[in-house]
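What follows draws every value from the coordinates through simple rules; no lab data is involved. Just so it is clear, the model here is predicted, and its values are computed rather than measured. Neighbour counts run over all protein chains shown; Cβ positions are idealised from the backbone, glycine included.
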Amino acid sequence: MKKNQVKILAAALYEASQGKKGKELDIVIANFSNYLAEHHLVSMIPGILTELEKLHFTAEGIVAAELTSSEELAQAEIKKIADLVKTNTKQEVVVKTDTDEDLVGGAVVKYNDKIIDMSIRHQLNNLAKQLSN
Amino acid sequence: MSYDHLVKSLQKQLEDWQSDVKEETVGEVIEVGDGIAKVSGLSDVMASEMLEFETKAGDKVYGVVLNLEEYSVGATILGEYAALKEGDKVKRTKRILEVPVGEAVVGRVVNPLGQAIDGKGEIKSKDHYPVEKIAPGVITRQSVFQPLETGIKVIDAIIPIGKGQRELIIGDRQTGKTALAIDAIINQAGKDVICIYVAIGQKESKVARIVAKLEETGAMDYTTVVSAGASESAALSYIAPYAGCSMGEYFMDKGKDVLVIYDDLSKHAVAYRQISLLLKRPPGREAYPGDVFYVHSRLLERAAKMNDELGGGSLTALPIIETQAGDISAYIPTNVISITDGQIFLETDLFYKGVRPALSTGLSVSRVGSAAQKKAMKKVAGKLKMDLAQYREMEAFAQFGSDLDDATKQLLDRGARITEILKQGQFSPLLQSKQVSIIYAAANGHLDKVPVANLAAFEQKLFTKMEAEGKDVLDSIEKSGELSDGDEQKLKTIIDDLVELEEKVEGAEDKKEDKK
C-alpha cells in the first residue's frame, strides 16, 4: 500500500496546487508539509516529488526521456536525440541525461516504456550472438 | 580448414552483419516469486504473448502473459526464476508461445517448450505451431468411424475407441491407468499412428521407466514424450498438454492419425490452480479458478477427425484422471467426464481381485460405440456385452450358492468365463484377429466346459493352434475386418477340437488321481 499512498498524496498535492500562485501556493505547500510531518510521512517526499513530476508531464502532454550515454554529450547531440523521440511520440520532450561507462560508446534513450538502444555494448552483444549461431 | 579460410569467412560474416537499431518495448519486474512475475510498463502487450526476461547476469528466461491489469502485467515464468530480481528488464517478443513440430520431434523426449531433454542433441525443426490453437470447427470434421485399436481385449470389444475420439481413463492411484495408455501406444506399431505421451507433473523416474519401455518395444520410433516433471515449475505443467496437442495437430493436418495421452489432467488442474491463486484470481469450488472447465474443454476439443477434403487426419485424445478413493463426483473428474466421449473406469477392488485390466464394465462407456469397431469384432462382441450385463445383475445371487435354477447357473458360469477371458497381461497387446477368435469362443459358449482356472492356458493354446492351422482365418480378419461364414466355421472347428482335447486331458488326470 505504501506505493499507492505516494501516488495518492502526489495527486492530492497536484490537485490542491492547481491554478494557485504566490501566497496561496505557499499556504498549500505549508499545509501539505504539516500533514506529512504529523503523519510521519516525511521520508516519502522523494517518491512524491517524482510522482508529481510524472503527473505534471502527463497533464501537459510532455514525454520524459532518459538519455544514458558513455560520456557527456554536446547540446546539439542531445537536441538531435530529443527530436528523434519527438517524431516518434509526437509530443513535447524533456530530456534527462546520465552517463554510464559500461555502454562502451553510443547512447540509450528511454521514454514511456520504449527503449532505443544505440550503444556499442548492445551492438557487440548482437554481433556475438550472430557469430555464435 | 586453413587459417586464411577462417579469416575470410569471418570477414564475410562481419561484412554481412548489419547493426539494427530499433525501438523496443520494455518493462520492469516489480515483483517475482513462485514462478509468477508482475511487470510494469509493456502497455501494448498481448494476452498470452511470450516475454523475454533478462537477468542481471545477462541470462534470458521466457515467460507468458496471463493477466493484463490496469498498471501491471501478470506473467508466468517458464523455467528458472530464482535468478530474476526486481527491476530486471522484460522485453516484448510480439510472438505467441509456440513449439517446434514435425518429424524432428518424433522419437524424442522434450520439455513443454519443445527443447530436447533426452541428450540426443538439439531439435532442429522448420515448422512451429502455436501452443494455444482454436479447435477445428464443425464443418471441418466428420464423425468418428474407424477403430483405434488398443490391443486390449476388454476395451476393443466392449468400449471401442474411435480415431478422433476423446476417451477418459479414470481411476484411483495404482489401478493401471498409465499401463493401459502405454499398451495402447505399443499396439500402434506398424499402424502408421503417431503417438504423443504428455507427462504432466509426473515423477522423472516414472517418465524414464516409460521411455525405456517404449524404446525396448520399439514404440519410441513413432512416439514423442513431452515431459513436465514434478520438480519443474507449475507453468511448464500448465502448458505441457497444449504443447503436446500442437505437436499432434501438425500430423493431423498432414492427414495422419495421432494418439495423444495426457497423463494426468488432475495434476494439470492443480498446476493451473497454483498459477491462478498466485495471480490472485478468485478461487471457486475446491479452490480451482472459475475457468478450470474451459482449460480442459478447449484442450480436449482439439481432438478431431478431419473431413476428407482436409486430409482426413485424426487426433485421438486419452486424458487420464486420478481420483481420490474412487470419488468420481469430485470437481475435476465430473468436469472431464462431461467433456469426453466416454470413460474407462478402473477400480481398486477389481485390481486386487486379480481382474487386470481392472476395468469396471458397468461404469465404463464409449459414446461413439460400435461405429468404431471392425465388423468381425462387432459380430462377436455384441453377445458379450449382453452376457456381461446379465452376469453383473445376477452376480449378487451367486453368493447364496446352491438353490439356483439351471438358467441362472449357466449365466453365472458364462459370466465368470468371460471375465476370465478378458483378463490380459501388461505390455502384451493382441491383434484384432486373435481377440476375435478368443471372444468368439467365450461369447458363444464354447468354453463352458473348460474349467475357469484353465482358461488362460487354453487361450494360449488356441492362439498357437490358430497360427498353425488357421493362419488364413487370422489373416482374412486382419485384412477385411470381417468374419465370413466360412472362416467362422473353421474357427469353430478349431475351438471345438481344442475343447475336446482339453476334456480328454482333464478326464485322464482325474483317473490318475482316482488310482492313487
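Miscellaneous remarks
- Across the alpha-carbon set of the range B:201-350, the Rg to Rh ratio works out to 0.98, Rh being the Kirkwood radius.
- With the simple model of a label 7 Å out from the Cα in the direction of the Cβ, B:Glu103 to A:Lys90 spans 5.1 nm.
- Per-residue 3J(HN,Hα) values for the range B:119-126, derived from phi via the Karplus relation 6.51 cos²θ - 1.76 cosθ + 1.60 with θ = phi - 60°, read x, 9, x, 5, 8, 9, 9, 6 Hz in sequence order (x marks Gly and Pro).
- For chain B, the 222 nm mean residue ellipticity estimated from helices alone, with every DSSP H stretch of n ≥ 4 adding -39500 (n - 2.57) and the total spread over all residues, rounds to -13000 deg cm²/dmol.
- Chain B: relative contact order as a whole-number percent, Cα under 8 Å and 6+ apart: 14
- Sequence-distant contacts, meaning Cα pairs under 8 Å at least 6 residues apart, place the relative contact order of the range B:194-265 at 51 percent.
- Global dimensions of the protein assembly as shown from alpha-carbon coordinates: Rg and Dmax equal 34.3, 128 Å.
- Pairwise label distance in nanometres, B:Lys471 with A:Thr97, each label 7 Å out on the Cα-Cβ vector: 9.2
- Net +/- balance of residues flanking B:Asn454 in space, Cβ distance below 9 Å, scoring K and R +1, D and E -1: -2
- Total lysine pairs under 23 Å (Cα atoms) in the range A:2-58, excluding pairs fewer than 8 apart on one chain: 6
- Each semi-axis of the equivalent ellipsoid for chain B is √(5λ) with λ an eigenvalue of the Cα gyration tensor; in descending order they amount to 53, 26, 20 Å.
- Across chain A, the mean sequence separation of Cα contacts (distance under 8 Å, 6 or more residues apart), normalised by length, yields a relative contact order of 21 percent.
- Mean residue ellipticity (222 nm) of chain A, computed from DSSP H runs ≥ 4 via -39,500 (n - 2.57), nearest 500: -19000 deg cm²/dmol
- Projected label distance in nm at B:Ala330 and B:Glu122, using a 7 Å step from Cα toward the beta-carbon: 4.2
- Phi-derived couplings, Karplus 6.51 cos²θ - 1.76 cosθ + 1.60 at θ = phi - 60°, listed residue by residue for the range B:312-320: x, x, 9, 10, 9, 10, 10, x, 10 Hz, with x used for Gly and Pro.
- From the largest down, the range B:136-295 spans 48, 42, 30 angstrom on the principal axes of its Cα atoms.
- Within straight-line cross-link reach of B:Lys56, aspartates and glutamates at Cα separation under 18 Å, skipping those fewer than 8 residues along the same chain: A:Asp100, A:Glu101, A:Asp102, A:Asp117, B:Glu28, B:Glu31, B:Glu80, B:Glu86, B:Asp88
- If you take all other residues with their beta carbon under 14 Å from the beta carbon of B:Met386, and give Lys and Arg +1 and Asp and Glu -1, the sum is +4.
- In sequence order, calculated HN-Hα J values of the range B:135-151 (Karplus, 6.51, -1.76, 1.60; Hz; x Gly/Pro): 5, x, x, 4, 6, 7, 9, 9, 6, 6, 9, 9, x, 9, 6, 8, x
- Kirkwood-Stokes translational diffusion coefficient of chain A, alpha-carbon pairs, 4 °C, 1.567 mPa s, µm²/s: 74
- Given B:Lys38/B:Lys120; B:Lys191/B:Lys492; A:Lys80/B:Lys12; B:Lys133/B:Lys280; B:Lys153/B:Lys479; B:Lys378/B:Lys490, the pairs whose alpha carbons are separated by over 24 Å: B:Lys38/B:Lys120; B:Lys191/B:Lys492; A:Lys80/B:Lys12; B:Lys133/B:Lys280
- Dividing the convex hull volume of the alpha carbon atoms of the range B:396-516 by its residue count gives 151 Å³ per residue.
- For the range A:62-132, the fraction of alpha-carbon pairs in successive 10 Å shells from zero, as %: 20, 49, 24, 6, 0
- For A:Glu77 and B:Thr93, the FRET efficiency from 1/(1 + (r/R0)^6), where r spans their Cβ atoms and R0 equals 45 Å, is about 0.90.
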